[in-house]
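The next block holds one structure in the form of structure tokens; read it before the comments.
The values are calculated or read from the model by the stated rules, or taken from the named source; none is laboratory data. Source: prediction; values computed, not measured. Methodologically, a virtual Cβ is constructed for each residue, glycine included, from the backbone with ideal geometry; neighbour enumeration extends over all protein chains shown.
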Ligand SMILES: Cc1cc2nc3c(=O)[nH]c(=O)nc-3n(C[C@H](O)[C@H](O)[C@H](O)COP(=O)(O)OP(=O)(O)OC[C@H]3O[C@@H](n4cnc5c(N)ncnc54)[C@H](O)[C@@H]3O)c2cc1C
């Protein structure tokens, strides 16, 4: 029986693990790979990279330490979490050898992140990371005076377009059919000179050579249009990876795990951190800080359990 099990090894899970190790907690970190989304990078042609915030480097340091302490983690996918009242049973699927297994832990930290929605069109996978990316707020500052394209289905893409308009030469903003957005917000974006709104269009595919260079969009059965740009962002509303614990903790209506200022959930022995939670800012530094706090809160819960 472990004192703490951490599900997910992105910045939130790795930071939680580091703090647990520092406190001498007997832990097991479980994820298919170490690093989470920080292993995905996006490059754009002639991108101006400002090396101001080096969050990824801290993740690499944590990852290296965990790899060295190889008894603290296992590479597996968690398939089910069962609350056994005095501990959790965590069922795993290890891809290597296709083996099924389980572990038990007194306390749980959920750091499973959120997944971006692919739109499944030609060229999307080919140019993923090569001009086509997600997380526009991480990159638009590095694209001054460029032509930027964004597609999405909610206020998220409108917000990203307004932010991009501060730096970019032009912003092509595609709102997909059946999108759920605030009309007033879109009107505000439309009033900005550098933003062109294409409402009710869908993306048909990306094309280019080394990098994506153009996208074809279409509204209904009308003639498709081709837009050229330097950067293409898929800014659909992400899906939190919270299905494993939705029966155990309270989530908001989109499935994000509700947490308080100590990263506690509605279950006294489950903590959560990073993009899977209601914290609402998908950035590495935020996930690192949240993970650190979840690690310390879990340590406190373990200590309190021993004293009671
Ligand atoms: C392309 C891209 C570029 C980005 N660029 C930047 C940037 O430049 N700067 C920045 O600050 N942010 C950037 N972000 C956002 C940043 O990567 C995320 O906010 C951050 O990684 C969230 O950390 P996390 O630990 O919460 O989740 P994640 O990094 O998503 O990690 C989640 C972990 O949970 C694991 N997991 C999920 N389900 C299970 C399961 N059932 N069993 C076991 N493990 C599971 C995953 O395998 C993964 O290890 C970018 C995101 C993307 C997609």
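Observations on the model:
- Some residue of segment 297-304 being surrounded by 14 or more Cβ atoms within 10 Å (Cβ to Cβ) and within 17 Å of the chain's Cα centre (by Cα): no
- Just one residue in the set 97, 131 is on the phi > 0 side of the Ramachandran plot and at pLDDT 90 or above; that residue is 131.
- Residue within segment 98-109 that is outside any strand (DSSP E or B) and either within 16 Å of the ligand (Cβ to nearest atom) or assigned by TED's automatic domain parsing to the domain that holds residue 17 (or both) present: yes
- Test: residue in segment 86-96 that is assigned by TED's automatic domain parsing to the domain that holds residue 263, within 11 Å of the ligand (Cβ to nearest atom) and either closer than 30 Å to residue 232 by Cβ or in a helix (DSSP H, G or I) (or both): no
- Only a single criterion out of (1) away from the ligand (no atom under 13 Å from the Cβ); (2) closer than 30 Å to residue 217 by Cα is not satisfied by residue 82, namely (2).
- Looking at segment 171-237, the strands (runs of 3 or more DSSP E) lying wholly inside it that each contain 3 or more residues that are at pLDDT 95 or above and in contact with a helix residue (DSSP H, G or I) (Cβ under 8 Å, 6 or more places away or on another chain) sit at 195-199.
- Residue that is in contact with a helix residue (DSSP H, G or I) (Cβ under 8 Å, 6 or more places away or on another chain) and farther than 30 Å from residue 174 by Cα, where the choices are 248, 269, 307, 244: 269
- Boolean, residue 266 is in a helix (DSSP H, G or I) and either in contact (Cβ under 8 Å) with a residue 12 or more places away in the chain or buried (at least 24 other Cβ atoms within 10 Å of the Cβ) (or both): no
- Screening segment 1-75 for strands (runs of 3 or more DSSP E) wholly inside it with 3 or more residues that are buried (at least 17 other Cβ atoms within 10 Å of the Cβ) returns the ranges 2-7, 27-31.
- Selection status of residue 287, surrounded by fewer than 24 Cβ atoms within 10 Å (Cβ to Cβ) and within 13 Å of the ligand (Cβ to nearest atom): no
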